[in-house]
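The values are calculated or read from the model by the stated rules, or taken from the named source; none is laboratory data. Given the structure is predicted, the values throughout are model-derived calculations rather than measurements. Here the Cβ positions follow ideal geometry from the backbone for every residue, glycine too, while neighbour counts run over all protein chains shown.
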Amino acid sequence: MYQLKICHLYPDLLNTYGDMGNILALKRRAQWRNIDVTVTNVTIGDSFDSEEYDIIFLGGGQDYEQEIIQNDVLLQKGAEIKNAVEGSKVFLCICGGYQLMGKYYKTWDGKELEYLGALDLWTIGGKERMIGNIVFESGLISDNGSPLKIVGFENHSGRTYLGDNVRPLGKVLSGNGNNGTDGFEGAVYKNVYCSYSHGSLLPKNPHLADHLISMALKQRYNEFEGLTLLEDEFENAARITMLQRLLK
Ligand code: GLN
């Protein structure tokens, strides 16, 4: 029986807009394939050894929570997170968690927060928040040979800009994405996937959830050949309804 070990970093602080839904989707989709899943919560003050995990998840938080965890993430866990990123560990980082992986965040009210710099990206807050449903298209994941159209929900003040080593996760078809101007959404570096889309991301986009699970299992098991298909009737209905509403 395959095993999948998921680490949820700062679940008590980075948990906005249903981000827990991403953990539930990873867990259930793996269990439906008879994969043995463990989810370990790791927060401020806890020890963190990335070797123990196959997927590391960081959710979104408001500026307030991001400030609370800043010392712990930079001083206690930062070196381990950066090693894991460079060692090609699979990460999913959403909104505030995405911003934390970058170099810094200048908040809309003028605070400057130094962040991990695990990824070459940075964030500058604006007074107007970018709120609403979003659709973006990602050529990194195929949907029967076409780029996958991903649906989600965003709510952020930060505008994120990508440096040279980081690719966007996708192109925005409806909504704002990284900064509302360059037309890109999210970021990918090695096996780190970042997005502004919150807790409906993996439940509504099963291809993306399976992509992350497959990458993680390939790393742990040389002989892993791929996931069995699931029916995904409800997931596809939810996704297609969103696509029809947002792209009309
Ligand atoms: N604090 C960040 C912002 O407003 C992230 C918000 C979030 O994670 N929803 O840009």
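For the condition modelled with pLDDT under 95 and more than 13 Å from the ligand (Cβ to nearest atom), what is the one hit in Gly117, Gly110, Gly78, Gly87? Steps first, please.
Working: Gly117 fails: modelled with pLDDT under 95; Gly78 fails: modelled with pLDDT under 95; Gly87 fails: modelled with pLDDT under 95.
Unique residue meeting the criteria: Gly110.
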Inset, instruction - Just give me the residues in segment 132-158 being of a type outside the set (Val, Ile, Thr), buried (at least 21 other Cβ atoms within 10 Å of the Cβ) and within 16 Å of the ligand (Cβ to nearest atom), in sequence order. - result: Gly152, Glu154, His156, Gly158
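I'm checking my understanding of the structure. Among residues of segment 37-47 that are outside any strand (DSSP E or B) and β-branched (Val, Ile, Thr), which one is farthest from Tyr2 (Cα to Cα)? Please lay out each step first, then the result.
Let us first name the residues in segment 37-47 that are outside any strand (DSSP E or B), namely 43-47.
Now restrict to residues that are β-branched (Val, Ile, Thr): 43-44.
Values: Thr43: 26, Ile44: 30 Å.
Among those residues, the one meeting the criterion is Ile44.
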Legend entry - Scope segment 90-101; condition β-branched (Val, Ile, Thr) and either within 12 Å of the ligand (Cβ to nearest atom) or assigned to a helix (DSSP H, G or I) (or both); matching residues: Ile94
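Rundown of residues vs (1) over 21 Å from Gly21 (Cβ atoms); (2) modelled with pLDDT under 95; (3) hydrophobic (A, V, I, L, M, F, W, C), yes/no style:
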{"position": "Ser138", "(1), (2), (3)": "no, no, no"}
{"position": "Asn144", "(1), (2), (3)": "yes, yes, no"}
{"position": "Lys149", "(1), (2), (3)": "no, no, no"}
{"position": "Phe153", "(1), (2), (3)": "no, no, yes"}
{"position": "Leu162", "(1), (2), (3)": "yes, no, yes"}
{"position": "Arg167", "(1), (2), (3)": "yes, no, no"}
{"position": "Asn179", "(1), (2), (3)": "yes, no, no"}
Legend entry - Index of the failed condition, Asp63 passing every other in (1) within 14 Å of the ligand (Cβ to nearest atom); (2) touching a residue at least 60 places away in the same chain (Cβ under 8 Å); (3) buried (at least 24 other Cβ atoms within 10 Å of the Cβ); (4) of a type outside the set (S, T, N, Q): (3)
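More than 16 Å from the ligand (Cβ to nearest atom), assigned to a strand (DSSP E or B) and either closer than 30 Å to Asp232 by Cα or touching a residue at least 60 places away in the same chain (Cβ under 8 Å) (or both), is that true of Asn34?
Spelling it out, it is not the case that Asn34 is more than 16 Å from the ligand (Cβ to nearest atom), assigned to a strand (DSSP E or B) and either closer than 30 Å to Asp232 by Cα or touching a residue at least 60 places away in the same chain (Cβ under 8 Å) (or both).
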Legend entry - Checking Ala237 against (1) free of Cβ contacts under 8 Å to residues at least 40 places away in the same chain; (2) surrounded by 12 or more Cβ atoms within 10 Å (Cβ to Cβ), the condition it does not meet: (2)
Legend entry - strands (runs of 3 or more DSSP E) contained entirely in segment 114-194, each with at least 2 residues that are without any contact (Cβ under 8 Å) to a residue 40 or more places away in the chain: 121-143, 146-162, 170-174
